[in-house]
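Some notes on the structure that comes next.
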Amino acid sequence: MQRWFTQERIVLCLALLLFVGFSLFLSGFANQENLLSLVRSVSVLGILGLAMALVVIGRGIDLSLVSTMAISVAWTLALATPQRSLAEALMLGAAFAIGVGLVNGLLIAYAEIPALFSTLAMGTFIYGLGRLKMIPLDVVYVPDGAAWFTHIGQGEFLGVPMPVIVFAGVAAAGAVFLRVTRVDADRKLTHLER
């Protein structure tokens with residue numbers, strides 16, 4: 001019986017208990033519109049959670065993930081002006097996020113700063129830099145003529161919100177990545193023994 005109570009099963013049981021409780025005591029909680037709205041809202045957190053899961057599986061942690069996501073998206077939208085296309089702004093925003101990840105990796109792997117400290121400091125630095133220098137306004141709007149971009153975040157496909165579909169795609173890609181890649185732990189252990 002004790003083997004049955006793993007962390008995963010306890011969390012699943014608590015989630016089911018909350019769902020049943022909310023369905024019974026909150027009117028309108030279990031209707032289709034509300035459930036789709038909830039799933040749409042947590043899809044971004046799900047994508048971030050999958051990214052964090054990959055980092056944790058690799059025995060690391062990344063506390064700069066949320067700051068990097070928020071600032072890179074806001075900066076991308078701030079860059080999308082009549083003088084610069086949305087595609088160019090998206091490439092710059094993605095390059096910024098990848099650059100932050102590379103700097104984190106270099107600090108952890110070569111400067112040997114623990115991931116907890118380096119990513120916490122990087123998250124604070126990125127958020128401060130973004131708010132001070134990169135994003136001119138408190139609210140950043142999607143540029144005109146970017147209906148396809150807005151559709152990714154707010155649209156639907158066959159009645160399913162697009163963020164849910166994107167989350168499912170990212171989850172499938174993460175599953176494929178985990179299935180086809182393997183860390184050679186023996187080589188690492190051999191290297192450490194020398």
Looking at VAL20, VAL11, VAL42 in this structure, which one is over 19 Å from the mean Cα position of the chain (by Cα), surrounded by 11 or more Cβ atoms within 10 Å (Cβ to Cβ) and modelled with pLDDT of 85 or more? VAL20
For the stretch 132-152: of the residues being in a helix (DSSP H, G or I) and in contact (Cβ under 8 Å) with a residue 40 or more places away in the chain, which is surrounded by the fewest Cβ atoms within 10 Å (Cβ to Cβ)? MET134
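Rundown of residues vs (1) of a type in the set (A, V, I, L, M); (2) at pLDDT below 90; (3) in contact with a helix residue (DSSP H, G or I) (Cβ under 9 Å, 6 or more places away or on another chain), yes/no style:
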residue	(1), (2), (3)
LEU24	yes, yes, no
GLY28	no, yes, yes
LEU54	yes, yes, yes
LEU63	yes, yes, yes
Within the group LEU65, LEU137, which residue is among the aliphatic types (A, V, I, L, M) and under 22 Å from GLY49 (Cα atoms)? LEU65
Hey, among ALA94, ALA80, ALA115, which residue is surrounded by 12 or more Cβ atoms within 10 Å (Cβ to Cβ) and under 15 Å from VAL55 (Cα atoms)? ALA115
With the requirement that a residue be part of a loop (DSSP other than H, G, I, E, B) and within 15 Å of SER64 (Cα to Cα), what does the stretch 111-131 give you? ILE113, PRO114
Qualifying residue in the stretch 93-110 (condition: under 19 Å from VAL142 (Cα atoms), polar (S, T, N, Q) and either part of a helix (DSSP H, G or I) or in contact with a strand residue (DSSP E or B) (Cβ under 9 Å, 6 or more places away or on another chain) (or both)): no
Residues being closer than 21 Å to ARG59 by Cα and within 18 Å of the chain's Cα centre (by Cα): count how many of those fall in the stretch 104-144. 8
Sole miss for GLN83 among (1) polar (S, T, N, Q); (2) in contact with a helix residue (DSSP H, G or I) (Cβ under 8 Å, 6 or more places away or on another chain); (3) not in a helix (DSSP H, G or I) is condition (2)
Subset tally (residues that are surrounded by 11 or more Cβ atoms within 10 Å (Cβ to Cβ) and β-branched (Val, Ile, Thr)) for the stretch 161-180: 4
Please find, among ALA95, ALA70, ALA78, ALA89, the residue that is under 18 Å from MET134 (Cα atoms), within 21 Å of the chain's Cα centre (by Cα), modelled with pLDDT under 85 and not basic (Lys, Arg). ALA78
Contacts under 7 angstrom Cβ, first residue in the stretch 62-90 being without any contact (Cβ under 8 Å) to a residue 24 or more places away in the chain, partner outside any helix (DSSP H, G or I), 6 or more apart: ALA89/ALA80
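The values are calculated or read from the model by the stated rules, or taken from the named source; none is laboratory data. If you're wondering where the values come from, they're calculated on a predicted model, not measured in any experiment. Quick reminder, even Gly has a Cβ in these numbers, built from the backbone with ideal geometry, and neighbours come from all protein chains shown.
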